1. Among (1) surrounded by fewer than 23 Cβ atoms within 10 Å (Cβ to Cβ); (2) under 22 Å from the mean Cα position of the chain (by Cα), where does ALA66 come up short?
2. Note down all Cβ pairs under 6 Å where the first residue falls in the stretch 172-191 and is closer than 11 Å to VAL212 by Cα, the second is at pLDDT below 90 and in a loop (DSSP other than H, G, I, E, B), and they're at least six residues apart or on different chains.
3. Please indicate, with yes or no, whether at least one residue in the stretch 101-111 is buried (at least 22 other Cβ atoms within 10 Å of the Cβ), within 17 Å of the chain's Cα centre (by Cα) and not polar (S, T, N, Q).
4. Go through LEU209, LEU259, LEU238 for me and flag whichever is at pLDDT 70 or above and closer than 15 Å to ALA44 by Cα.
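The values are calculated or read from the model by the stated rules, or taken from the named source; none is laboratory data. Only a predicted model underlies this, so the values are computations on that prediction, with no experimental measurement involved. Please note: Cβ atoms are built from the backbone with ideal geometry, for glycine as well, and neighbour counts cover all protein chains shown.
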Amino acid sequence: MSDKIEPYDVIDLSQGCRALMNALDLTAPKHYMYGLLEVDVTMARQFIAEQKTRTGEALSFTGFLAFCLARAVDENKEVQAYLKGRKQLIRFGDVHVGIMVERKIGEKRSLMGYVIRGANRKTCMEIHQEIRSAQSEPVPPGRGVPTWFSTALLLPWPLSKLSKALMGAVMRHDPKIRVSTSGTVFITSVGMFGKGHSGWGIATTPHSLGLVVGSITWKPAVVEGRIEPREILNLTVLFDHDVVDGAPATRFVRRLVELIESGYGLDETDGRQQRITHNGES
């Protein structure tokens, strides 16, 4: 007599979810190194809250992180290099940040990838506005993931297996194809662990560099010799150790944390200007 396993539901995955899973299958095995960081975002969060009080508009925290990421990468371009075959590296000049946004496709909304092109040449407000536009506007024809790419990823088995094998080989030989569809670096968020719970996320990605945004919790911290409650972001940084060595990774992380903790670029959204040198001076 067999045990009955019921009730249960069978749910169709969205095209965006299926395409994402198949895209991750294209990733060649990488040797990642991870950094689990605690970043003080009190100043940045306070400015965003004050800006919302003044204007009624909530700035995108993901947009702010994308802005800081792009600036830090722009100063440390070694961290967004990709293998071209087994003997060469391609190091990109501009920073194209891949994120996930819920977008309207036809009559439905679906989570899909979006690339902020040339994020290193944009202000924090420009990135914020671009993300909000992507969230609110329908996906226009010919934008987002190229049609040929999504079609190949959604072919029925066994054609999908063959197409993924061919596409993976092509992308390993020419990483510019991967960058055209998913960017040079990425940010994803798992910050919905719940209020009061602290944690980091570990992601799978085809990128050489990525950020995983974890939870934000209040923790005691030493500020100018005093213990104060501060908002602390759990942030995971992952590097492809095949192409990124420890020294440039360390320089990048140091600069990224400096930019985030200083609220770099947020006062540009208020009509003022801020420029921070490599030593953190205004």
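1. (1)
2. What qualifies is PHE186/THR205; PHE186/HIS207; THR188/ALA203; VAL190/GLY201.
3. First, the residues of the stretch 101-111 that are buried (at least 22 other Cβ atoms within 10 Å of the Cβ): none.
Looking through the stretch 101-111, none of the residues is buried (at least 22 other Cβ atoms within 10 Å of the Cβ), within 17 Å of the chain's Cα centre (by Cα) and not polar (S, T, N, Q).
4. Sole residue among the options that is at pLDDT 70 or above and closer than 15 Å to ALA44 by Cα: LEU259.
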